Amino acid sequence: MMRNYTFSKWMKRLADNRWSLLKATGMGLFVGLFIAFCIPNEYECSIFTVPESTGISLTDETYGLSIDAALGNDRIQDALLPSLYPQLIASPTFLVPLFEVPVQPSFCLPDSTISLYEYMDRHQRRPWWNFLQSAFSKAVGLLTGSFLEKPRRVETNYTGEQTEACPGILSLSAKDSGIAGAIRSRLTIGVDREKRTITITCRMQDPHVATAVADTVRSRIQALITDYRTQKERKNLAHVQEWHCQARERYYQAQETQAAFEDSHRDLSTRMARKELVNLQIKTAQAREEYERTARLVQAAEVRLVKVRPVFAVIQPATTPVDPVSPSLLKYMAVFALLGFLVGCAGIWVRGRRGRSASHG
């Protein structure tokens, strides 16, 4: 009973101060609209693809041969599964080559392009409060004496080269790492394991840049997976081609040896000569059989090299977006309107507490 009385009393107080609540809500709407207009627009481009199955047969049905069995290799499962693609695009070895991707933002002339590195470094719009935050950080650094210290050397252009001392290590400056992280934060890969589909999404402040980067990421992923899947098959093809060349040389040598023997022993009057001719004919036949076998292996390896290439069926290609996906005016207005309403309610509650304290005093 007491709770119902308190609730009705509180609702009556809100009704009496409805104009204050409307003012607070209206101010919240205005603040939300102002903040939404201060945030740069962002456009999103999505590519919907379906990769083929990674299963590869060991035996080539066309030629009835097993390249792995012929070379003594074991069956190795595919390591770069679609579920690992999000980790793949997060690696610096994938992000650094994207620095040189040519993009054509809306402000560029029709025949001119800039690199993605330059676009991310010089043409990113930021809200005004970011400048206040930067100024505050500089002021704190000035007060703490950080500006008096010798600044670290920061390279202006990225160094996507490997160091001479450690050729397997990629050397990036702090600025390059920051731009790589900014590019990574704008890329998203969604993997649906049930439907075996992959969605590549890129969000940028310019619609043309978002489209170009999304399509480049798709092609780079396909090229990387193709290189990984065909690396072993290219080695196998090189081995069997070398094997085929050696067998061809042995076959030609056996033919020349047999022809030279027949020319020097045309009469074949002795048994020893006839026996030697039979041996040479057997060696030539064996060399020819080995030569034909390796030729079939080369053909089978070439077929395998084509078969293991991954195929990405693009269901939804990269299309330049028209409308921005963020910021959402309705979202910001609704959130700040609710916040203004709650602030108005809190003000009414505080004024009520002060009034009761004054009456008791």
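Values in this text are rule-based calculations from the coordinates and carry no lab data. If you're wondering where the values come from, they're calculated on a predicted model, not measured in any experiment. In this analysis, Cβ positions are derived from the backbone assuming ideal geometry, glycine residues included, and neighbour counts consider all displayed protein chains.
Tabulated data for the structure shown
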read-out	value
Label-point gap, in nm, between Glu100 and Ser115 - each point 7 angstrom along Cα→Cβ	0.8 nm
Estimated distance in nm for a label pair at Glu276 and Gln241, the labels positioned 7 Å out from Cα along Cα-to-Cβ	3.9 nm
Listed pairs Lys232/Lys307; Lys235/Lys307; Lys12/Lys331 exceeding 21 Å between Cα atoms	Lys12/Lys331
Fewest-first sequence of Tyr119, Tyr43 by Cβ atoms within 10 Å of each Cβ	Tyr43, Tyr119
Residue order, fewest to most surrounding Cβ atoms within 10 angstrom, among Phe261, Phe99, Phe107	Phe107, Phe261, Phe99
Extent along principal axes [Cα atoms of the stretch 218-257; Å; largest to smallest]	57, 13, 5
Likely footprinting exposure, Tyr332, Tyr252, fewest C-beta neighbours within 10 Å first	Tyr252, Tyr332
